[in-house]
Amino acid sequence: MENRQSTLVHGHVDRRQGRALYRQTVGVVAAAGFCLMIANVYASSVATFGFVAALTSTAIYLTVSAIIVSRILAFHPHSVFGWPNTVTLARTVLAALIAGYAAEVSHWTLQPSSHLAWTFAGMAVLAVSLDGLDGLLARRVGPRSAFGARFDMESDALVILILSVLAFVLDKTGPWVVLIGLSRYVFIGAAYLWPWLSRPMPPSLRRKGVCALLGILLSGLVMPVVDGTFAVIIAASALGLNLMSFAIDIVWLSRNRAGTDVQSVP
């Protein structure tokens, strides 16, 4: 979630490469969707999961899949989907499953068993951990593209939003914890009212670090052993870091909204 705005540049592939990329993308997306379906069936057989969880996770995954299929040809000038994007897609599947878990718990006001709670906490840790792997693969193996960078960023945002909602659903803190996940989308919405907020910003190590730390804190927050005052401290720390990071970017954008030179961002 390093960049607040899109800085995509259109890629160019010839017709044959485009067809190969499209077929492979559809195949990978379909395979990941099949894995999601199997996971939902398994969850319904060993736990009290059912229609609500399956509907939520499927709706989220289908939305992401439609965006991937419709946008990849414009911003991914390669003939292969690539391992980095595949890892990012796996994170999306995990996020969708966790969202289904949160919806099921919320809808039926379930008290999840210890085994179930630890299972989804482990999935949260895995989703956060894979964030570093897709970036490493992009740098070491490739291919790299504007699509991959944006896909990674949006997956980060989705994981953080879903984990913040899960923390609230599990009664770790009050509803204010959801602000951690909503803040980026509020920022994007504000850019429609104040266009200077959509000005491109240069990369920032601070932004990368805060994003990684948010994932770590939230995945820890949803663990069964974390509750009470400790949970509130973790959630408040995550929210404070997130708001501080956004505040720094907003101040920078405000100071540079009339300029043309891109200066460094802390």
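The values are calculated or read from the model by the stated rules, or taken from the named source; none is laboratory data. Fair warning: this is a prediction, and the values are worked out from it, not measured in the lab. Glycine also receives a Cβ, built like all others from the backbone with ideal geometry; neighbour counts cover every protein chain displayed.
Going residue by residue through region 224-235, is there one that turns out to be part of a loop (DSSP other than H, G, I, E, B), without any contact (Cβ under 8 Å) to a residue 60 or more places away in the chain and charged (D, E, K, R)? Full working, then the answer.
First, the residues of region 224-235 that are part of a loop (DSSP other than H, G, I, E, B): 224-227.
Filter once more, keeping what is without any contact (Cβ under 8 Å) to a residue 60 or more places away in the chain: 225-227.
Now narrow it down to the ones that are charged (D, E, K, R): 227.
There is at least one residue in region 224-235 that is part of a loop (DSSP other than H, G, I, E, B), without any contact (Cβ under 8 Å) to a residue 60 or more places away in the chain and charged (D, E, K, R).
Do you know which residues across region 44-62 are farther than 18 Å from Arg91 by Cα and surrounded by 13 or more Cβ atoms within 10 Å (Cβ to Cβ)? Spell out how you get there, then give the answer.
We begin by selecting, within region 44-62, every residue farther than 18 Å from Arg91 by Cα; these are 44-52, 55.
Residues satisfying the conditions are Ser44, Ala47, Thr48, Phe49, Gly50, Val52, Leu55.
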Go through region 120-172 residue by residue and tally those that are assigned to a loop (DSSP other than H, G, I, E, B) and either among the aliphatic types (A, V, I, L, M) or buried (at least 23 other Cβ atoms within 10 Å of the Cβ) (or both). 2
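So, in region 198-213, how many residues would count as being touching a residue at least 60 places away in the same chain (Cβ under 8 Å) and in a helix (DSSP H, G or I)?
Of region 198-213, the ones touching a residue at least 60 places away in the same chain (Cβ under 8 Å) are 198-204, 206-208, 211-212.
Those left that are additionally in a helix (DSSP H, G or I): 198, 206-208, 211-212.
Count: 6.
So which of Leu97, Leu130 ends up being closer than 14 Å to Val159 by Cα, free of Cβ contacts under 8 Å to residues at least 60 places away in the same chain and in contact with a helix residue (DSSP H, G or I) (Cβ under 7 Å, 6 or more places away or on another chain)?
Numbers: Leu97 fails: free of Cβ contacts under 8 Å to residues at least 60 places away in the same chain.
Every option except Leu130 fails the conditions.
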Go over the candidates Arg184, Arg206, Arg199 one by one and state the one that is closer than 23 Å to Ile67 by Cβ, modelled with pLDDT under 95 and either of a type outside the set (Asp, Glu) or over 20 Å from the mean Cα position of the chain (by Cα) (or both). Arg184
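Considering only region 184-194, I want to know if a residue exists there that is of a type in the set (Ser, Thr, Tyr), assigned to a helix (DSSP H, G or I) and surrounded by 13 or more Cβ atoms within 10 Å (Cβ to Cβ). Walk me through it before giving the result.
Initial filter on region 184-194 (of a type in the set (Ser, Thr, Tyr)): 185, 192.
Going one step further and asking which of them are assigned to a helix (DSSP H, G or I), we end up with 185, 192.
From what's left, surrounded by 13 or more Cβ atoms within 10 Å (Cβ to Cβ): none.
Taking every residue of region 184-194 in turn, none turns out to be of a type in the set (Ser, Thr, Tyr), assigned to a helix (DSSP H, G or I) and surrounded by 13 or more Cβ atoms within 10 Å (Cβ to Cβ).
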What number of residues within region 63-89 satisfy the criterion of being surrounded by 24 or more Cβ atoms within 10 Å (Cβ to Cβ), part of a helix (DSSP H, G or I) and touching a Phe, Trp or Tyr at 6+ places or on another chain (Cβ under 7 Å)? 3
Qualifying residue in region 210-222 (condition: crowded, with 19+ Cβ neighbours inside 10 Å and over 14 Å from Ile160 (Cα atoms)): no
